[in-house]
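Below is one structure, written out as structure tokens, with a few remarks after it.
Since every read-out is calculated from the coordinates, none of them should be taken as a lab result. Predicted model, so just to flag it, every value in this text is computed and none were measured. Note that each Cβ is placed from the backbone with ideal geometry, even for glycine, and that neighbours are counted across all protein chains shown.
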């Protein structure tokens with residue numbers, strides 16, 4: 001991979017990719033954190049600090065947690081169990097089809113990998129009709145998705 005897609009991902013990319021998906025609205029949660037929705041269903045949100053996500057060495061709550069929805073428990077487990085990826089979960093999210101990532105660790109993903117994660121999160125929450133329309137216009141090429149825009 002070369003060019004812009006191979007550079008490390010940044011928080012700004014999350015916003016860019018989420019807003020590039022169709023039928024997206026943005027609401028704001030506690031602390032004015034953005035919540036990206038499709039059809040009234042959240043697919044990415046920036047979480048306020050909570051007691052379940054904390055630094056194990058200091059006990060301080062993480063200030064920069066982003067939640068991404070996933071399509072299945074199997075996908076969730078694949079992401080959180082891969083030691084090369086920055087995704088994690090907490091007991092609070094047991095049974096919830098989402099993974100967590102700290103904004104400070106997004107750079108461990110390439111911009112292209114982040115685009116794919118945002119697209120997958122959107123697809124997991126969009127209606128079947130919207131997902132089909134988007135997939136028809138953006139066919140997946142093997143394991144590499146097309147650009148979010």
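Pull up region 47-76, narrow it to residues that are in contact (Cβ under 8 Å) with a residue 24 or more places away in the chain and part of a strand (DSSP E or B), then point me to the one that is nearest to the chain's Cα centre (by Cα).
Step by step, filter region 47-76, then rank; the result is 68.
Looking at region 81-91, can you tell me whether even one residue there is free of Cβ contacts under 8 Å to residues at least 12 places away in the same chain and within 21 Å of residue 123 (Cβ to Cβ)?
Yes, the conditions are met somewhere in region 81-91.
If a residue must be in contact (Cβ under 8 Å) with a residue 24 or more places away in the chain and part of a helix (DSSP H, G or I), how many such residues does region 94-131 contain?
Within region 94-131, residues that are in contact (Cβ under 8 Å) with a residue 24 or more places away in the chain and part of a helix (DSSP H, G or I) number 21.
Checking residue 33 against (1) within 20 Å of residue 105 (Cβ to Cβ); (2) surrounded by fewer than 17 Cβ atoms within 10 Å (Cβ to Cβ); (3) over 16 Å from the mean Cα position of the chain (by Cα), only one condition comes out false. Which one?
(3)
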